[in-house]
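Here's the structure, in structure tokens; my notes come after.
Here, each number is a calculation from the coordinates, and none is a lab measurement. In this text the structure is predicted, and so the values were computed from the model without any measurement. All Cβ positions, even for glycine, are placed from backbone atoms using ideal geometry, and neighbour counts span all protein chains on display.
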Amino acid sequence: MVADLPNPVEHLPNSVKRTLQAFRDLGCTGDLVHTPRNVVSVAALIRQLDTDPTAIAHTQLFEADGQPILVIVSGTRAPDPTSLASVLGVGRINGVPDHVAARWTKQDPLAMAPVGHPQNLPAVIDLDLSRHAIVWVPAGHPDYLFTTSYAELLRITAGMAAEVVAYRAGQQP
């Protein structure tokens with residue numbers, strides 16, 4: 001079940017407060033949604049949100065030439081480092097360990113929001129998310145999501161739209 005937000009907002013985790021403030025400062029009008037993961041299965045969450053599972057985004061941090069790159073893809077898919085390196089024009093992309101991701105973002109590595117970090121991070125946003133009117137993005141903590149659109153996600157991150165997921169056997173582009 002999707003729960004009501006803690007009241008007052010001061011009781012939100014600090015990472016969520018920073019993320020929510022960043023969303024608002026950037027003119028986002030989406031909703032912050034409390035999704036207690038310890039109570040909700042992924043299947044139940046998808047039913048409660050009344051959404052396609054591919055509309056729930058996942059963020060992952062990579063390193064390209066020593067610089068962090070935030071990659072946002074559908075939660076049902078994984079970024080392909082080879083495709084990502086090609087899009088960015090670099091020779092090598094490395095995954096970033098959770099402790100490094102937490103240090104760079106000041107957020108839970110399993111729920112990194114697209115904004116609200118100590119510094120703006122370059123972002124690549126997979127085109128597959130563009131087919132959804134509403135995209136559910138992490139809000140800095142595993143128990144919170146924020147609703148946005150693909151266009152707004154590109155705007156607030158100054159992100160690059162690109163195909164960065166390799167299709168697996170049986171999948172269609």
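Here are the numbers:
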item	result
Relative contact order (percent, whole number), segment 9-162, Cα cutoff 8 Å, 6+ residue spacing	30
Protection proxy ranking, peptides 48-61, 113-126, average beta carbon neighbours within 10 Å, highest first	113-126, 48-61
R0 of 22 Å, Cβ-Cβ distance residue 52-residue 120: FRET efficiency to nearest 0.05	0.15
Positive-end residue, the chain charge dipole about Cα centroid, Cβ charges, pick of 150, 135, 60	60
Order of 105, 35, 19 under a 10 Å beta carbon neighbour criterion, fewest first	35, 105, 19
Within the chain: Cβ-based charge dipole about Cα centre, in debye rounded to nearest 20 (Lys, Arg +1; Asp, Glu -1)	140
Sequence ranges 21-29, 154-162, ranked by mean other-Cβ count within 10 angstrom, highest first	154-162, 21-29
